[in-house]
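The values are calculated or read from the model by the stated rules, or taken from the named source; none is laboratory data. This structure is a prediction, so every number in the text was calculated from the model and none was measured. Cβ atoms come from the backbone with ideal geometry, glycine included; neighbour counts cover every protein chain shown.
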Amino acid sequence: MPATARQSWLSLLAKSPPARLAALFPELPPHLVLRAPEIGSVMVQGRTGGTGAPFSLGEMTVTRASLQLDCGSVGHALVQGRDRDHALRTAALDALMQTAAAPTLEAEVLTPLRAEAEARQAARAAKAAATRVEFFTLMRGEDA
């Protein structure tokens, strides 16, 4: 199932480094906190072979928050770890992305975060590729 635009930006914001997100979006707009940042845990599931039967992998600490902007737009966040500011900032951006400010935020916040995330993934892939082992078989003369 393809991700919706909102799922994409929420995923990007939740996975972004909190310090970088704070640098790109330092000031929160006026808002009403609907759910103050709460720290808890969620069960993480894995799948056998990536696609097989699900199994419980373990628990992960998360922080969730919800807020409402003065215009009425509501934003939610669920981020890994115990960073309350990251959760509030992500919820604020989620709410703002549902308003007319979305194109500006896309250009100023999401595009740089997306480029940095792709660069990190490419660096991880290059590091993994450096350890890749190619197996091949040499044909022996008597096998021919």
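Within the range 37-51, residues that are closer than 27 Å to THR90 by Cβ sit with their Cβ atoms under 8 Å from residues that are aromatic (Phe, Trp, Tyr), at 6+ positions apart or across chains, in these pairs: GLN45/PHE55; GLY46/PHE55; ARG47/PHE55. In this structure, THR137 does not qualify as at pLDDT 95 or above and either assigned to a helix (DSSP H, G or I) or on the phi < 0 side of the Ramachandran plot (or both). Scanning the range 55-64 turns up no residue that is touching a residue at least 12 places away in the same chain (Cβ under 8 Å), surrounded by fewer than 21 Cβ atoms within 10 Å (Cβ to Cβ), part of a loop (DSSP other than H, G, I, E, B) and of a type outside the set (Val, Ile, Thr). ALA77 fulfils the conditions (1) surrounded by fewer than 19 Cβ atoms within 10 Å (Cβ to Cβ); (2) closer than 26 Å to GLN121 by Cα; (3) hydrophobic (A, V, I, L, M, F, W, C); (4) touching a residue at least 60 places away in the same chain (Cβ under 8 Å) except for a single criterion, (1). The set of residues in the range 19-43 that are surrounded by fewer than 13 Cβ atoms within 10 Å (Cβ to Cβ) and assigned to a loop (DSSP other than H, G, I, E, B) comprises PRO26, GLU27, PRO30. Among the residues making up the range 80-122, a single one is buried (at least 17 other Cβ atoms within 10 Å of the Cβ), touching a strand residue (DSSP E or B) at 6+ places or on another chain (Cβ under 7 Å) and not in a helix (DSSP H, G or I): ASP83.
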